[in-house]
Structures are given as structure tokens and as C-alpha cells.
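Worksheet for the structure shown next.
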Amino acid sequence: MLDTLASAIAFGIILASVIAIAAMGFTLQFGLTNVFNLAFGSIMTVGAFAAYLAQVNGINAWYGLGVGGVAGAALTLLLGRGLFRLYARRGAKLFEMVMVTLGLALVINYGIQAVSRNNVYQFTVLQAAPMHLGPVTITPTQAILVGIALVVFAALEALLRLSRVGKALRAMAAEPSLARSCGIRTGRVVIITWVISGFLCGMAGVVYVINSQSVGYATGELFLPLVIAAAILGGPGSPGGALAAALLMGVVTEVVSAYGGPQYSTVAGFGILVLVLLFRPSTVLGGHGRETRLTL
Amino acid sequence: MLSSWTFYISTLVIYFGVDLLSGISLNLQYSYAGVINFGYIVFQAAGAYAAAVMTLGPSGGASSFQQYVFGANLPFPLPLLVATAVGAALSALVGLFSLRRIRRDYQAALLLIVSLIAIEIVQADVPLFNGSNGLTGVPRPLAAVLPLSPQGYQWAYAAWVLFLCALVYLLVRWLSRSPWGRALRAMRDQEDAASAVGLNVTALRLQVFVIGGAIAGLSGGLLVQFIGAWSPDAWGYAETFVIFTAIFIGGVGNYRGVVLGVLLVPIIFIQLPQFLPQIGYPGLTDSLEWVIIGLLWMLCLLLRPRGLLPERRSIALPDLSSRSA
């Protein structure tokens, strides 16, 4: 009985690492620019396909993490500085921007569907022998994914807390106009945000397909609601919050799956967000829902 | 040849009517209550499920080829009323927790998540919803009673759908011109001021959401009685976006804009490509269709952010209040 619980928790941690990398990228992007980017999942898929193409051309799947990250960063920067700014200049507010990213998600998703001939492709990573940690059996690949999530979290926290860039990022997230009048080059900080969050997004797509071993046009889109739920639950702009929320959602999902049957696992993951919004909305929303503005 | 054309056109008229009801519902919720209901399809599908089980007769239990709850054999207009009530009740339930004073983009994401949860539950719960197979064989209302040819029945059903559309349209227009509608516009334009003069904005928002949900349930009931089948795959969350594209392109807050948008997007852009010759591998046309819908959506937000027929300015003078659309 306890063995089942231990395995469920271990698998929950693995699922949480996959969610957490994407959620940290999402929360950074959203916390700073206030763009609620529904195309985030599509960009994850772009990263995953970039890694797949690299693999087909003989590049190791683990280097694919970098390939996917660079693809995600480049696309996100292009969209952020080009497309989103164009709409913002024409007077798009927070809400119009959600609609823009939704349209963009349709274009990217179904564009990939058209190009990929609507097939699901095998994404193989060499599997070493499974490891036994007490009652829990996991593969080394899964252990590495957990390690990657922790490294990403540590690097992001170090960047935000210890470097000058991180200080500028936090200042801008708190109060863009004040940061600007203090002499922070806000344009440059926004570029850095797009690049880092885009890199995490593309990399998360690759992490997702390393774990699931297949890549298709709907890869990121199906995963996005979990990512958004973790980012909202953790509080926008907080990598630590995103990590904790991902951990909670991952463990609950897998424990429910182990005891209550797999069909209700995703429902349970989302259920947490709904329950928190129902009973403690202020935890999620950080006080009152103050109108914020886009920072592009 | 000719008969197949009239068959096709009458089917399109019925789809147009159903989508128009959806457009009216979403437009009401969005332009008056500021709620972006990305979970719309859930309320439509709930109404459809209710109408289906109310006409399929008692369930045969686990041994029969499809399972559902509370089967009944209600006479003709009653299943539609049940569908409407179910849509409204489910909206009230979802609205109670999703319509708090939270940021609108969070709210939209929350409603999208609600629709994903709903699909998971429907697929997981075979005894309740027959899983991902859905329900089939829903009988058409009065098909056995009316002395009509299949052709004639099609047109009669189309007329029935359009009649209900007109009814709902007049009702919604009357509501939006009433004092209640003015209170809604006040809430939308100046929420703080509206609550300062004593309007209960949360209650108002919930009322609009429930009325929209009732219309959604009705449209689902009408559709399921026509096509005769209901399944979680065919009633997925992407359908909501088609209607949203329609009202955005047509013009939010303007009912003539909604009619135009519904005519343009679900009818012309979704149905017309079926006539085009297939290019490339099977399915390519479908993918490209969605790419074009996405591009249209983005182009429209860029060039005409308020739609082709924008909402008319309403002037807050008593004798001009009837002008407000």
C-alpha cells in the first residue's frame, strides 16, 4: 500500500518537473510583460519539432534540449518584438492580446499539423536500465529530467536574485514606469525576458517529448492548461511558486491516478486550481485584481 | 441533383440558426457582462445531452449498446425546455465560482480549463455519458407525426430553428433595452461607479451568464435533435473559437454584426471548403482552413478591432435610449 503511494509520489515529481520548466517560463513572461500568452503551448511544439528534426539529422536527443530552446527563444523574441508590439501600438489592451495569442496559436498549431501531415513521430532517447530506489522504479532519463528542472529553477532564482539583470527584471515586474525613470533600459529587459522565457518554453517542449517519447502537432497545446494552472496557482512572476504549484499538481495527479483510476487524474490536477480560486482567491490573485498594463 | 442541393442548403440554414443562437449567447455574455466564455461548448453540449436523453427513452442499463442516465420519452417541445434549463443551471453552477472579481484573462483561462475538465469527465464516465462514443440514434422531433417528405421535414425544421432564433433575438434585444440592460452597460463601462450607485455587479454578471447558458442549452438541444448524435469529440472546445471568430469579425455588441459574422465564418469559411477540390494529402484542407481562420482572426484584431459592424454609441438620454443596439 505504501509502496503504491511512494511510486505515485515519485511519478508525480517526474510529471511536476515537466510542468515546472514550462510553468517557470510562462510565469516569467507573464509576470513581466503581462501578455497572457495562449500561443505558449504552440511554441513548445515548435521547440519539440526542432529537436526532432535535429535528432533525425543525427544530433543527440539531449543536445536537442538546446536546439529546442534556441528555436523557442528566437520565435518568442520575434513574436514579442514584432507582432505583440505591433498590436500594443495599435491600442490592444491585456484582453485583446489574449485574443491575438489565441489566433496565433491556431495559426502555429494547424500550420504544424499541415507541415507534419498530422502524424505523430517517434522521439527516441536511449534508455539505460531502470533504477530501483527502495520500492520505486524509475528510468535514468526520468531522473535526469527532474535534475534539469531543479537546475533551471536554481539558475533562474540566481539570475533574479543575484545579478543586475535580475534586479532590473524584478524592478520592472513591480513597476515599469518607475523602473524606467530610475534609468533601467526597459526595452533591453523586455528583450531579455522574451529570450529567457522563450528558451524555457522551447526546452520544456523537448523535455515533454523526451518523457512521452512522441511528438505531434498537439503536443504543447494539450499540455498548456496544466502549465497555465501551475503558473496562476504559483502566482505570476514567481519561479518558486510555479515550481511548488507544479509539484502539488503533479503529485495529486499521480496519486489520484494510482488510487482512483487514471481517467480522473487530469481532472484532479485542474480541480486544485478551481478549489483554490473558489476558497482562497486572494492567494492566487495577490490581493485585488488591479488593472495592469502590457509592458512590451 | 436538385434535391441534393436543397437538402444541403436547408442543412446550412439549420446550422446557421444554431450558430446564430451561439453567437447571440456569447455576444450577450461578452459585450454586456465582460465575460469571455471559452467554456461555451460545455453548456451547449450539456443542453444537447439533456435533450438527447429526454427523447431516447429509458436507458437499457449497462447491457445495452449505449448508457445514459434518466432516459425519458418526453413529447416534442419539452426536451428543448429541459435542455434550456440544464444549460442555465450549469451556468449558474460554473458562474458561482468563475465570475468573481478576477482578471478577465484569468477568467477566460479558467473557463477554458472548465471545458477541458468537462471533456475528461465525459470520456471517463461511461455509465453516465457513454464515454467517448457518445450517444447516437436521437430521434427527430415529430418526424413520425408530420405528413412531410424528408425534404419538407428539413425545411420545416429550418423554419422552426429560425423561428426560435427570432424569438431569442427579440427577447435579448428587449432585455438589453430594459432598465436591466442599462444597468449592464453601466457595469461594463464604469464598474466602480455602477457598484457605487448600488448595483450588485456580481449578481448582474451571474444573471447574464445564466441567460447566455440557457440560450446555449437551447441551441445544443436544437442541434442534437437535428443531427441525432452527441459525442465529446465532436463537441470539443475548438468549436467555441469558431463562434468567437464570428462575433469578433462581425462586430462585438452589435447583433446585426453577429448575424453577419455567423454568416461569414461558420457557414462560408467552414462549409464552403467542402466544395473545393482536395489538395495534397487528406486532411490538409482542414488544417489550412484553421490556419486561415487564425490569420483572419488576427488580421481582424489588427485592422478592425471593433468588428465590421461596431457597436453603436448609446447616448444616455431617456428619449434616445431606444437607439442603443
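Odds and ends about this structure:
- Note on region A:164-211: residues that are hydroxyl-bearing (Ser, Thr, Tyr) and within 30 Å of A:Ile59 (Cβ to Cβ) total 3.
- Applying the condition of being touching a residue at least 60 places away in the same chain (Cβ under 8 Å) and surrounded by fewer than 16 Cβ atoms within 10 Å (Cβ to Cβ) to region B:183-228 and asking which residue is nearest to the chain's Cα centre (by Cα) yields B:Gly228.
- Note on region A:129-217: enclosed helices (runs of 4 or more DSSP H) holding 1 or more residues that are out of contact with any Ser or Thr (no Cβ under 7 Å at 6 or more places or on another chain) and of a type in the set (Asp, Glu) are A:140-162.
- Some residue of region B:87-107 being within 14 Å of chain A (Cβ to nearest Cβ) and of a type in the set (Gly, Ala, Ser): yes
- Only one of B:Pro310, B:Pro277, B:Pro273, B:Pro266 that is crowded, with 18+ Cβ neighbours inside 10 Å and modelled with pLDDT under 80: B:Pro266
The values are calculated or read from the model by the stated rules, or taken from the named source; none is laboratory data. Bear in mind that the values here come from a model prediction, so they are computed numbers and not experimental data. No Cβ is skipped: glycine too gets one built from the backbone with ideal geometry, and neighbour counts run over all protein chains shown.
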